[in-house]
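Below: the structure, in structure tokens.
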Amino acid sequence: MAVKTITIDMEAYEALARRKGPGESFSDVIKRQFRGGTGADLLRAAQRANISDETLDAVERQIKLRRRDRPRIPKL
């Protein structure tokens, strides 16, 4: 596997180090943080956070309402 060396400041290094789990590389952390998630990933995260089905249903209703009632920008 090809590798690339990058330079980051200490603040960025410490942020990566805080998110790094046992046995994880910094590359693993970066890929986990920046990968594109799926709906299934979001559902698993909601389940891990113990968000109730009622709350998820309420969020879905709000999303549908916002799609229907998009804000209008006044013409100047």
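Readers should treat all values here as calculations from the given coordinates under stated rules, not as data from a laboratory. Not measured: the values here are computed from a predicted model. Don't worry about glycine lacking a Cβ; one is built from the backbone with ideal geometry, like all the others, and counts go over all protein chains shown.
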Here are labelled values, [x] 1.17; [y] 1.53; [z] 1.14, and one is the computed Rg/Rh (Cα atoms, Kirkwood Rh) for what I pasted. Which one? [x]
Helix-only mean residue ellipticity at 222 nm for the chain, each DSSP H run of n ≥ 4 adding -39500 (n - 2.57), per residue, nearest 500: -18000 deg cm²/dmol
Lysines with Cα under 29 Å of Lys20, excluding same-chain neighbours fewer than 8 positions away: Lys4, Lys31
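I need the GluC sites (Glu not before Pro) found in the stretch 23-66, filtered to DSSP loop residues with at most 16 other beta carbons within 10 Å of theirs.
Glu24
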Taking only the alpha carbons of the stretch 26-65, what extent do you get along each of the three principal axes, in Å, biggest first? 38, 22, 12
